[in-house]
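**Student:** This is the structure I want to talk about, given as structure tokens.
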Amino acid sequence: MRSLSIFGATGSIGEQTFDLLMRAGGPATYRTVAVTGGRNAARLAEMARALRAEVAVCADPADLATLRDALAGTTTEVAAGSQAIADAADRPADWVMSAIVGAAGLVPGLRALRHGRTLALANKESLVTAGPLLLAEAARHGARILPVDSEHSAIFQALNAEDIAAVERIILTASGGALRDWPLEALASATVSQAMAHPNWAMGQRITIDSASMFNKALEVIETREYFGIDPDRIEVIIHPESLIHSMVGFRDGAIMAHMGAPDMRHSIGYALNWPDRADLPVARLDLAQVATLTFRAPDPVRYPALRLAREVMAIRGLAGSAFNAAKEIALDHFLGGGIGFQDMAGVVEDTLARLSGEMRLGNAALTLEDIQGMDVLARIRAGEAARIRAGNRQQAIGA
Ligand code: NDP
């Protein structure tokens, strides 16, 4: 029986992974080693019960008692804290889902790779902040990383193990997010709930806002560069409002392989779960006559400054990915908290990168986990400072 663990089980990707596992027979088909969550101990306990997990781990030690009570009478062990989550990655499992959101997902994924596991990687921040380290560890320990992000799963499938040297370009599709048709001058006043109204995909809160700002696409461009080892000049982004083509690979003979399907993350999760085979998945089938038209347009660089910032980060490499991701997370926190406006997020990231570039050489080639984590901490401090300046300016502008 295949064994597996789910890191970030209580989130959007984790729930969809759970759904696929339960549809496939749950504990009758898979041996679940570890499930981990953040704050939602009650839901984590339900999942652990249903899957008969060996261990359930929540992020905050304050939730341990709730988790323990909810799992009383089962054989599931309980633990709490970021160290315990990382330790759960040491437990033997054939397949590991990395679906914790943000920089907290890096260490458990890295630990799983060091044990030679197959890592289904949803946590895009891992590749953005530590791509070279992750790939080197995977190669050293004979581990495999399977992309879960729908775009990268699409590229992986369209590439079909062909030589990357035959690839002329990779074309990432983007929905354009909730605000794509708003007048530019209205963006400054966009609220969280307006940015959350994603036209096609149902996702967690943070990634949905990142989709509206295209910081999500910016992360994906960097992720593409790291995972597929392709030159940044060969990575294109195209707005495709229908979200039915999940990405494309253009080969040097002019052929373009496009991956199509309904916008449902259970496709790419299920693909990674069943790889190298394909299994029946409970996703809607496209009725192409009904679809009738697919449309595309180039992204406006003024509306989406995050895409330009991603190119700058790829030009620097080294610790720039870590700085970029941390600054983006802090900028998003400040937008969610109401301190800064929607468009200030890109400004905060830009200010942070400029300030850090002035303080040190971000393009340090020899990356260790400590370097990356150190940069994560520093960039969060700098981004917090930048956000407070922008929040102050905003207050003054409102008051004026
Ligand atoms: P969610 O916010 O829905 O879920 C995140 C998960 O991580 C939850 O289980 C949450 O626990 C847990 N978590 C949060 N903070 C911590 C922490 N500090 N330590 C440990 N666990 C924590 O995110 P998504 O599922 O949307 O996204 C997960 C990852 O997958 C992200 O990197 C995202 O970019 C990526 N991704 C997501 C897609 C999607 O469709 N949702 C598509 C492609 C990629 P709890 O809820 O219990 O607090």
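**Student:** Where in segment 43-125 are there helices (runs of 4 or more DSSP H), lying fully within it, with 1 or more residues that are touching a Lys or Arg at 6+ places or on another chain (Cβ under 6 Å) and over 18 Å from ILE269 (Cα atoms)? Full working, then the answer.
**Tutor:** Values: elements: 64-70, 82-88, 106-114.
Qualifying helices (runs of 4 or more DSSP H): 82-88.
**Student:** With respect to ILE145, is the statement that it is in a strand (DSSP E or B), more than 16 Å from the ligand (Cβ to nearest atom), touching a residue at least 60 places away in the same chain (Cβ under 8 Å) and not small (Gly, Ala, Ser) true?
**Tutor:** Working: in a strand (DSSP E or B): yes; more than 16 Å from the ligand (Cβ to nearest atom): no; touching a residue at least 60 places away in the same chain (Cβ under 8 Å): yes; not small (Gly, Ala, Ser): yes.
Judged against the criteria, ILE145 is not a match.
**Student:** Looking for whichever is of a type in the set (A, V, I, L, M, F, W, C) and buried (at least 19 other Cβ atoms within 10 Å of the Cβ) here; the options are LEU369, LEU319. Which one fits?
**Tutor:** Working: LEU369 fails: buried (at least 19 other Cβ atoms within 10 Å of the Cβ).
Selected residue: LEU319, the only one of LEU369, LEU319 that is of a type in the set (A, V, I, L, M, F, W, C) and buried (at least 19 other Cβ atoms within 10 Å of the Cβ).
**Student:** Starting from segment 366-385, take each residue that is touching a residue at least 24 places away in the same chain (Cβ under 8 Å) and list its partners that are surrounded by 15 or more Cβ atoms within 10 Å (Cβ to Cβ) and basic (Lys, Arg), counting only C-beta distances under 7 angstrom and pairs at least six apart or across chains.
**Tutor:** That search, which allows pairs on different chains as well, returns ARG382/ARG355.
**Student:** What residue, of LEU159, LEU135, LEU127, is surrounded by fewer than 24 Cβ atoms within 10 Å (Cβ to Cβ), touching a strand residue (DSSP E or B) at 6+ places or on another chain (Cβ under 9 Å), within 30 Å of GLU370 (Cβ to Cβ) and in contact (Cβ under 8 Å) with a residue 40 or more places away in the chain? First the steps, then the outcome.
**Tutor:** Working: LEU159 fails: within 30 Å of GLU370 (Cβ to Cβ); LEU127 fails: surrounded by fewer than 24 Cβ atoms within 10 Å (Cβ to Cβ).
Of the residues listed, the single one that is surrounded by fewer than 24 Cβ atoms within 10 Å (Cβ to Cβ), touching a strand residue (DSSP E or B) at 6+ places or on another chain (Cβ under 9 Å), within 30 Å of GLU370 (Cβ to Cβ) and in contact (Cβ under 8 Å) with a residue 40 or more places away in the chain is LEU135.
**Student:** Examine segment 188-203 for a residue that is out of contact with any Phe, Trp or Tyr (no Cβ under 7 Å at 6 or more places or on another chain), hydrophobic (A, V, I, L, M, F, W, C), touching a residue at least 12 places away in the same chain (Cβ under 8 Å) and within 17 Å of ASN325 (Cβ to Cβ), and state whether such a residue exists.
**Tutor:** no
**Student:** Counting only residues that are within 19 Å of the chain's Cα centre (by Cα) and over 20 Å from LEU106 (Cβ atoms), which one in segment 336-366 is surrounded by the most Cβ atoms within 10 Å (Cβ to Cβ)?
**Tutor:** Narrowing segment 336-366 to residues within 19 Å of the chain's Cα centre (by Cα): 336, 345-346, 349.
Narrowing the set further to residues that are over 20 Å from LEU106 (Cβ atoms) leaves 336, 345-346.
Working: LEU336: 14, MET345: 29, ALA346: 22.
Looking at the filtered set, the residue picked out is MET345.
**Student:** While we're on this one: Would a scan of segment 196-207 turn up a residue that is touching a His at 6+ places or on another chain (Cβ under 6 Å), in a helix (DSSP H, G or I), on the phi < 0 side of the Ramachandran plot and within 13 Å of the ligand (Cβ to nearest atom)?
**Tutor:** Taking segment 196-207 as the starting set, the residues that turn out to be touching a His at 6+ places or on another chain (Cβ under 6 Å) are none.
No, there is no match, as no residue in segment 196-207 is touching a His at 6+ places or on another chain (Cβ under 6 Å), in a helix (DSSP H, G or I), on the phi < 0 side of the Ramachandran plot and within 13 Å of the ligand (Cβ to nearest atom).
**Student:** Residue under question is SER82, and the condition is that it be crowded, with 24+ Cβ neighbours inside 10 Å, within 11 Å of the ligand (Cβ to nearest atom) and under 23 Å from ARG206 (Cβ atoms); does it hold?
**Tutor:** Working: crowded, with 24+ Cβ neighbours inside 10 Å: no; within 11 Å of the ligand (Cβ to nearest atom): yes; under 23 Å from ARG206 (Cβ atoms): yes.
No; evaluated as a whole, the condition is false for this residue.
**Student:** Kindly evaluate ASP371 against the criterion of being in a helix (DSSP H, G or I) and farther than 30 Å from THR173 by Cβ.
**Tutor:** Working: in a helix (DSSP H, G or I): yes; farther than 30 Å from THR173 by Cβ: yes.
So ASP371 fits the description; yes.
**Student:** Please specify each residue of segment 245-269 satisfying the condition of being farther than 15 Å from ILE170 by Cβ and within 16 Å of the ligand (Cβ to nearest atom).
**Tutor:** GLY261, ALA262, PRO263, ASP264, MET265, ARG266, HIS267, SER268, ILE269
**Student:** Is it fair to say GLU46 is free of Cβ contacts under 8 Å to residues at least 40 places away in the same chain and either within 14 Å of the ligand (Cβ to nearest atom) or among the polar types (S, T, N, Q) (or both)?
**Tutor:** Values: free of Cβ contacts under 8 Å to residues at least 40 places away in the same chain: yes; either within 14 Å of the ligand (Cβ to nearest atom) or among the polar types (S, T, N, Q) (or both): yes.
For GLU46, the condition - free of Cβ contacts under 8 Å to residues at least 40 places away in the same chain and either within 14 Å of the ligand (Cβ to nearest atom) or among the polar types (S, T, N, Q) (or both) - is met.
**Student:** For segment 223-266, name all the residues that are basic (Lys, Arg) and touching a helix residue (DSSP H, G or I) at 6+ places or on another chain (Cβ under 6 Å). Reasoning before the result, please.
**Tutor:** Step one: filter segment 223-266 for residues basic (Lys, Arg), giving 225, 234, 252, 266.
Once the filter is applied, which keeps residues that are basic (Lys, Arg) and touching a helix residue (DSSP H, G or I) at 6+ places or on another chain (Cβ under 6 Å), segment 223-266 yields ARG225, ARG252, ARG266.
**Student:** Quickly run through segment 23-42 and pick out the residues that are among the small types (Gly, Ala, Ser), assigned to a loop (DSSP other than H, G, I, E, B) and near the ligand (Cβ under 9 Å from one of its atoms).
**Tutor:** So the first thing to find is which residues in segment 23-42 are among the small types (Gly, Ala, Ser), and the list is 24-26, 28, 34, 37-38, 41-42.
Narrowing the set further to residues that are assigned to a loop (DSSP other than H, G, I, E, B) leaves 24-25, 38.
Within segment 23-42, just GLY38 meets the criteria.
**Student:** In the set ASP233, ASP210, ASP181, which member is in a helix (DSSP H, G or I), more than 16 Å from the ligand (Cβ to nearest atom) and not polar (S, T, N, Q)? Talk me through it step by step, then tell me what you get.
**Tutor:** Numbers: ASP210 fails: more than 16 Å from the ligand (Cβ to nearest atom); ASP181 fails: in a helix (DSSP H, G or I).
Going through ASP233, ASP210, ASP181 in turn, just one is in a helix (DSSP H, G or I), more than 16 Å from the ligand (Cβ to nearest atom) and not polar (S, T, N, Q): ASP233.
FYI, it's all coordinate maths here, none of it is from the lab. Note that this is a predicted model, so its numbers are computed, not measured. We place every Cβ from the backbone using ideal geometry, glycine too, and count neighbours over all the protein chains shown.
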